[in-house]
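Trainee: If you scroll down you'll find the structure; I have some questions about it.
The values are calculated or read from the model by the stated rules, or taken from the named source; none is laboratory data. Just so we're clear, the structure is a prediction, and the values are computed from it rather than from any experiment. Because the Cβ atoms are built from the backbone with ideal geometry, glycine has one as well, and the counts that use them run over all protein chains shown. Ligands, DNA and RNA are excluded from the accessible area calculation, which covers all protein heavy atoms including side chains. Shrake-Rupley method; radii C 1.70, N 1.55, O 1.52, S 1.80 Å.
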Amino acid sequence: MTNATVRVLDETGKAIATGKKVVAGTGAYGPITLTGSGPFRVEACGLAGSRPLCVWGATTSGGTLNLTPLTSAVTVLAGGQPPETLMTGPVQGLTDSALATAQAQLRTALAAALADAGLDPAFDLLAGALTPGSHTGYDRMLDTVTVGLGLDAKAYVTLGSPLGSGLAYLEPGTSQGSLALDPAAATVDLPGIDTLYQAMGAVMPSANGCTPGLPPLLDAGARASVDLVTTFSGTAGAAQLLCSHMAGLLTGDAESLVGSKLLPTLPTRCDFSGADPVCRVALVFQTAKGVLRQVGVEQAVVKRASPTGWKYLGNRLEVQATAAARLVLTHRADQTAPDSYARYLDVSIPAYPGLQCARASQKDAGGADVPLALFKPTAAGSFLSLWSTAPGNAAPSLDPATGATLGDDLVALPVPGTTAGDTIARNFVRAGRALKLELFADAACSAPLAGADGGAVSLDVAGQLPLNIIGQSGQPWPVLAASSVSNLVSLKGAVGAKLNYVANWSLLRAGLAPQHLQLCTNAACTAKVAELDLDPAAVAGTLSTTLGLKALLASDYKLLRLTGRTADGLTLQLDTTSCPTLPAGQPC
């Protein structure tokens, strides 16, 4: 982790150490003197590549304590508390006996991953040997196991793997499902992917090095897109397009990425069904200003038997669809009114030639497909829009013959705050976050789309939607400073005037990477006054613009939207609104 610090709480919840730095690269921290009585809760928060990450551990007496996603899982199981409440108030559980029991439960579920990493079945997750970045032993297991934490009726832990199938679901004392790794998992040598990315990072951001240096690193079947529809295939075409994008020469490019830094990656899922393993990866560059720029969606690398080694494959999918979970908190700034939360799945499906319908489904706890929504093209949309029940009803329709699209690029599927909505969120926890996307060439959603990917593809949903109000309110929400709130309410400007607004915020708890800041004058945020991309460590942003032919009045509706991502990819969206013409007690 980078920019990481450690915090320690004693049994009463008193902080006995804060801001203790973690050494980047080695992950070392301490020594920290423990005062007061244990059990002691320990938290480390920072950035892991492009992701914000918080990890936890617990000890009753000190000594060596690893802080990893797996020690977080031990701590959640031993204390019965999710991350939202783990580092608040008096300690719960976390005795030596409780920690030992939780470790034993977790190791049983991790049997396949322990074997893959060459570790003893009784390996100590809390204090065992760990060499960060080595991709061996404990570090390999951290690379090959994905950990989810949350709260349902009880605190829970989920375990999955990009190198296999199956999902283990654990609550304190009970386990369901199993984690399995593919027999070919050992062929995924992570140092080889590191080597490929180091080579790409050396040439792609170079003004003179990209064109000659990138083609040897690409697979013969590589493909890259000018947009989400127009694709260049083959080594030469893909390299030319990628280098043009790095130089900022393509239509729609807002900047050059020359001089930026390519961040390391780890596979998010690998496919072993073909002759050569294909793994999904992210291609993310960090600019000199610290802003993260993702190149492409659903990118992939492939390990060829001949010539040997990893090559960059580029676009995994022909129809470059994505799916992401989003949680929205709406707060009224000018008057007292209840805050509200709303959950969404954003399913972005490009308006690909010939694509007339798409059906999105998830698995339920029994493994059956459960349709969630249909999406159809519109006359001017770049993406398919949600097929709704009727022109005046935004609820999704699952009948291809009955319904309507309500506008262009309406990719958001509302997940209601009801039992039915909780079931959708719970299915993603217990059955995995794979979203099945069936693609059709007709409006009746019956004729599969012909193409390189066939009539159906699988997407991994970025982020897990919380199941309850504790999970929603306990997220690492940004909190606007009082001065930023009052300045938003009073913000105004004359026709043609220059406008500057400074937003300052802190985080309810660590674990959010801010991404984007917008000032809008309508609820849909389509009427943007100004916007700004943010450094993932930002705690402030300045919006500057020159007003056009319409003045901005203090009494006008105003929306300040701040978005960011959590460690597992969940988008948090804080909407702070001002609407002085409405009475107190009502939302804007």
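Trainee: Tell me the Rg and the Dmax, in Å, that the Cα atoms of region 318-430 produce.
Mentor: Radius of gyration, then largest Cα-Cα span, for region 318-430: 15.4, 50 Å.
Trainee: Largest first, how would 343, 293 line up by accessible area (1.4 Å probe)?
Mentor: Values: 343 15, 293 65 Å².
I get 293, 343, largest accessible area first.
Trainee: For residue 442, tell me the accessible area in Å² from a 1.4 Å probe, rounded to the nearest 10.
Mentor: For residue 442, solvent-accessible area is about 40 Å².
Trainee: What is the distance in Å between the Cα centres of region 499-520 and region 333-392?
Mentor: Comparing the Cα centres of region 499-520 and region 333-392, I get a distance of 26 Å.
Trainee: Roll a 1.4 angstrom probe over the protein heavy atoms and tell me the percent of accessible area of the chain that is carbon or sulfur. Provide the component values of the computation, followed by the final result.
Mentor: Working: 13640 of 24440 Å².
That fraction is 56 percent.
Trainee: Trypsin sites (Lys or Arg not before Pro) within region 510-588: which are DSSP loop residues with at most 14 other Cβ atoms inside 10 Å?
Mentor: Values: sites: 528, 550, 558, 561, 565; in loops: 550.
Of the trypsin sites (Lys or Arg not before Pro), the ones in loops of region 510-588 whose Cβ has at most 14 other Cβ atoms within 10 Å are 550.
Trainee: I need the Kirkwood Rh of the chain: take the reciprocal of the average 1/r across all distinct C-alpha pairs and report it in angstrom. Provide the component values of the computation, followed by the final result.
Mentor: On the way: mean 1/r = 0.0392 Å⁻¹.
Radius from the Kirkwood sum: 25.5 Å.
Trainee: Using Cα-Cα distances under 8 Å and only pairs 6 or more residues apart, what relative contact order does the chain have, in percent? Don't skip to the answer; put the middle values down first.
Mentor: Numbers: 1400 pairs, mean separation 59.3, N = 588.
Computed over the chain, the figure is 10 percent.
Trainee: Please work out how much accessible surface residue 418 shows to a 1.4 Å probe, ignoring ligands, DNA and RNA, in Å² rounded to 10.
Mentor: The accessible area comes out at roughly 70 Å².
Trainee: For a 30 Å ceiling on Cα separation, which of these pairs sit above it: 20/289; 154/363; 14/154; 289/558; 20/311; 311/528? Walk me through the intermediate numbers first.
Mentor: Working: 20/289 26 Å; 154/363 22 Å; 14/154 25 Å; 289/558 28 Å; 20/311 40 Å; 311/528 41 Å.
Too far apart for the 30 Å limit: 20/311; 311/528.
Trainee: Report the percentage of all Cα-Cα pairs in region 214-346 whose separation exceeds 27 Å, rounded to a whole percent. Before the final figure, lay out the partial values.
Mentor: Working: 2818 of 8778 pairs.
Roughly 32 percent, rounded to a whole number.
Trainee: So, one more: Going by Cα centres, region 431-464 and region 1-44 are how many Å apart?
Mentor: 45 Å
Trainee: Here's another thing I want to ask about it. Determine which lysines satisfy two conditions relative to residue 376: a Cα distance under 20 Å, and not lying fewer than 8 residues away in the same chain.
Mentor: Within the straight-line cut-off, residue 376 pairs with 436.
Trainee: Also, I was wondering about something else. If you count only protein heavy atoms with a 1.4 Å probe, what accessible area per residue comes out for the chain, rounded to a whole Å²? If you can, show how the numbers build up before the last one.
Mentor: Details: 24440 Å² over 588 residues.
Accessible area per residue: 42 Å².
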